[in-house]
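Before any comments, here is the structure.
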Amino acid sequence: MGNRVGIIGVGQTHHAAKRLDASGVELISEAVTRSLDDAEMTLDQIDAIVIGNMDHFENINYVDMWATDGLGACMKPVFKVSTGGTTGTTLGACGYYHAGCGLFDTVMMVGWEKNSESDTQAAIATCANPVLERDAFAGAIGPLASEYSMYMKAYGATQEDAAIVAVRDRNNALNNQYAHNQMKVTVEDVMNSPMLSFPIKFLDICPRSDGACAVIFASEEKAKALCPRPAWVHASVVRHDYTHFGDLEWKGMPTLERASKEAYKIAGIADPLKEFDVAELYIPASTCGVKWMDSLWFCDKGGAPELVRKGTLEIDGQLPVNPSGGVIATNPIGATGLIRVGEAAWQIMGRAGDHQVPDVEKALVTGFGGCSWSDVIILGAELP
Amino acid sequence: MADWKDEVEEIVFDGKICVPYSWTVGSTLSKWYGMMRDNAEIWANRCPSCEMVFVPPRKKCIYCYKDMNDWVKLAGTGVLETYTVVQHPEPGVYPKEPPFVYGIVKMDGADTGLVHFIEGVEPDKVKSGMRVEAVMSKEREGNFMDIECFRPIE
Ligand SMILES: [Zn+2]
């Protein structure tokens, strides 16, 4: 068991399809500066830094070297992590590990991506095994489309159920000044948007964004000294299961089921729908916002469409999901998971601005990456 | 026992991934490249805290993490601090046919080095510590080759 760790500062850039006003390094410095301002700290008070982004996405490796100036990492311990879509939540785990192991008091996690600089789908294709599955690998949408097809057939979920999720996240983003996509949409708009890969349509899927996020973690003593209401880490669990795409169990989401079950056990959560006050979930496509609710133990298998239709997960429902607008509104990939962590921390700290949910004591965070990995992080206002 | 190589038929797939990229220069370097392109001038920027002068310029001082909005124009001259003579060809990697020289120039008025080609001199006549000046390209497009090279000052 590690020591207690709290989040004490969060900063993010204004995200957009193309931030042509700023280089990658400048985006990083924008997030770093805002997180320090949020924590009312200076860089001198940061003991170590971890940075994350996707390999191949900007065709520049060693970001831990060439972004040193924007990162503020000169003469500090710094390294890079890259775990696909989960990169941001891996950074969350790294923040917890660094501060929780007792070696560092205050650590800054920085995730970023400048998706506009590359062909994201081509770059993603490099993650597939080159002698087996790369030729057939159809980018990020195909596998998600296939899994929802199976789910619809198995449990009677519909395309409209997914559209409800897309509408929720996109309209929530209207209250988030940092969100990339700011558009008011209806279920009809989503249903009428162009079909990309059945049953996923244009407005169902996340965009590619330019942006960065920085989150400061601290040991118990430092967090208490530096922050009036830290967001304490109650659990951080990672589960991977990939061997080959063809081996995956697509009807469920085994890594999310296992990771969330373990995290609930550690944090003492018996009824997630009741006990969490807010959730920032890595939902890359609205279809996942239906199917994966089963995997988070919010309901019995096949119960998710009913939850979605009843409005349980709406901003004014029993468990508000993605008040920030989530991944469907904003997706600078190496930062995406860390934005979930940062947004959930802000909800607990009471700093979420126009999309603040009242009285947040416990928050659930997920990350999704590769095919198909899951990270689950639980934050709370009370000491764990 | 058979030789270990005999047990494996060596099958190797050739692959080549061609991914297009475009890189944003950003707020600081767009000023730098703009001044090179439009005025054939090399500028640097200074940290308001430690007063180090950086060329190429950057947004934040790497030591103080201060914004560097204080710009200074450089004369274009400097000292060659160190260099190498590239002798072997590396098609697709090197922009020039060997032999060619590149080195680090500490420009007058700046505290950091600038990496560039050293030309207008036989490779075996290049010496560390020699005075050099920037040669600006005739056709300038707002990129690093707006400085064509550095050459020795006669
Ligand atoms: Zn300085």
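What does the average come to when, for each residue of peptide B:51-62, you count the partner chain Cβ atoms lying within 10 Å of its Cβ? Intermediate values should be presented prior to the final figure.
Values: counts 0, 0, 0, 1, 0, 0, 0, 6, 9, 13, 3, 8.
Across B:51-62, the average partner-chain Cβ count within 10 Å equals 3.
Report, by chain and number, residues whose modeled amide H sits under 5 Å from the one on B:Trp43, excluding near sequence neighbours (fewer than 5 apart, same chain).
Amide H neighbours of B:Trp43, under 5 Å, 5+ apart: B:Leu74.
Where does the longest stretch of chain B lie that holds no chymotrypsin sites (Phe, Trp or Tyr not before Pro) found in a DSSP loop with 16 or fewer other Cβ atoms within 10 Å? If you can, show how the numbers build up before the last one.
Numbers: sites that count: B:Phe13, B:Trp23, B:Tyr63.
In chain B, the maximal stretch lacking such sites is B:64-154.
Computed over the Cα atoms of the stretch B:52-97, what is the convex hull's projected area averaged over all directions, in nm²? Could you put the intermediate results ahead of the total?
Values: hull surface 22.4 nm².
The orientation-averaged projected area of the Cα hull of the stretch B:52-97 comes to 5.6 nm².
When the expected Rg is taken as 2.2 N^0.38 Å, what fraction or multiple of it is the alpha-carbon Rg of the stretch B:15-152?
Numbers: Rg = 16.3 Å, N = 138, 2.2 N^0.38 = 14.3 Å.
It is 1.14.
Among A:Ala212, A:Ala225, A:Ala263, which one moves the most in a GNM of chain A with springs linking Cα atoms closer than 10 Å?
A:Ala225
Could you work out the helix-only [θ] at 222 nm for the protein assembly as shown, with each DSSP H run of four or more residues adding -39,500 (n - 2.57) and the total divided by the number of residues, to the nearest 500 deg cm²/dmol? Please report the intermediate quantities before stating the final value.
Working: 16 runs with 154 residues, N = 538.
Mean residue ellipticity at 222 nm (helix-derived): -8500 deg cm²/dmol.
Under 14 Å from the Cα of A:Lys76, which aspartates and glutamates turn up, not counting those fewer than eight places away in the same chain?
A:Asp44, A:Asp47, A:Asp64, A:Asp105
Let me confirm one metric for peptide B:14-21, namely the mean number of other chain beta-carbon atoms within 10 Å of its residues' beta-carbons. Present the calculation step by step, with values, prior to reporting the outcome.
Working: counts 0, 5, 0, 7, 2, 11, 5, 12.
Counting other chains' Cβ atoms within 10 Å and averaging over B:14-21 gives 5.
How far is it, in nm, from the label point at A:Arg229 to the one at A:Asp37 when both lie 7 Å from their Cα along the line to the Cβ?
2.1 nm
Which loop GluC sites (Glu not before Pro) in the stretch B:1-84, with loop taken from DSSP, have no more than 13 other Cβ atoms within 10 angstrom of their Cβ? Show your work: numbers first, answer last.
Details: sites: B:Glu7, B:Glu9, B:Glu10, B:Glu41, B:Glu51, B:Glu81; in loops: B:Glu9, B:Glu10, B:Glu41, B:Glu51.
Counting only loop positions with at most 13 other Cβ atoms within 10 Å, the GluC sites (Glu not before Pro) in the stretch B:1-84 are B:Glu9, B:Glu10, B:Glu51.
Between the stretch A:276-343 and the stretch A:48-93, how many Å separate their Cα centres?
If we compute the Cα centre of each part, the gap is 26 Å.
Interface B/A, total buried accessible area with a 1.4 Å probe, nearest 100 Å²?
The summed interface area works out to 1700 Å².
How many Cβ atoms of partner chains, on average, are near each residue of A:116-125 if near means within 10 Å of its Cβ?
Values: counts 4, 5, 5, 5, 1, 1, 5, 3, 0, 2.
Across the residues of A:116-125, the mean count of other-chain Cβ atoms within 10 Å is 3.
Could you order the peptides A:283-290, A:55-62 from most to least packed, using the average number of other C-beta atoms within 10 Å per residue? Working shown, then result.
Working: A:283-290: 27.4, A:55-62: 17.5.
Going from most to least packed, we get A:283-290, A:55-62.
Filter the trypsin sites (Lys or Arg not before Pro) in the stretch B:84-130 to those in DSSP coil with at most 16 other Cβ atoms within 10 Å of their Cβ, and list the result.
Working: sites: B:Lys96, B:Lys106, B:Lys125, B:Lys127; in loops: B:Lys96, B:Lys127.
Here the sparse-neighbourhood loop sites are B:Lys96, B:Lys127.
If amide hydrogens are placed 1.01 Å from N in the peptide plane, which non-local residues have theirs closer than 5 Å to the one on A:Asp241?
A:Ser372
Please provide three numbers in whole Å: the alpha-carbon extents of the protein assembly as shown along the principal axes, with the largest listed first.
Principal-axis extents of the protein assembly as shown (Cα, largest first): 83, 65, 59 Å.
Could you run the Karplus curve 6.51 cos²θ - 1.76 cosθ + 1.60 with θ = phi - 60° over the stretch B:79-90 and give me ³J(HN,Hα) per residue in whole Hz, x for Gly and Pro?
Each residue's phi maps through the Karplus curve to give 10, 6, 7, 7, 7, 9, 10, 7, 10, 9, x, 9 Hz.
If you count only protein heavy atoms with a 1.4 Å probe, what accessible area per residue comes out for the protein assembly as shown, rounded to a whole Å²? Let's see the in-between values first.
Working: 23520 Å² over 538 residues.
Counting only protein heavy atoms, the per-residue value for the protein assembly as shown is 44 Å².
With a 1.4 Å probe and every protein chain kept in, tell me what percent of the accessible surface of chain A is carbon plus sulfur. Walk me through the numbers before you get to the answer.
Working: 7310 of 13840 Å².
Heavy-atom surface of chain A belonging to carbon and sulfur, 1.4 Å probe: 53 percent.
The values are calculated or read from the model by the stated rules, or taken from the named source; none is laboratory data. Worth saying up front: this structure is predicted, and the values here are computed from it rather than measured. Counting neighbours? That spans all protein chains shown, and the Cβs are built from the backbone with ideal geometry, glycine included. Accessible surface is based on the protein model in full, side chains and every heavy atom, while ligands, DNA and RNA are left aside. Shrake-Rupley method; radii C 1.70, N 1.55, O 1.52, S 1.80 Å.
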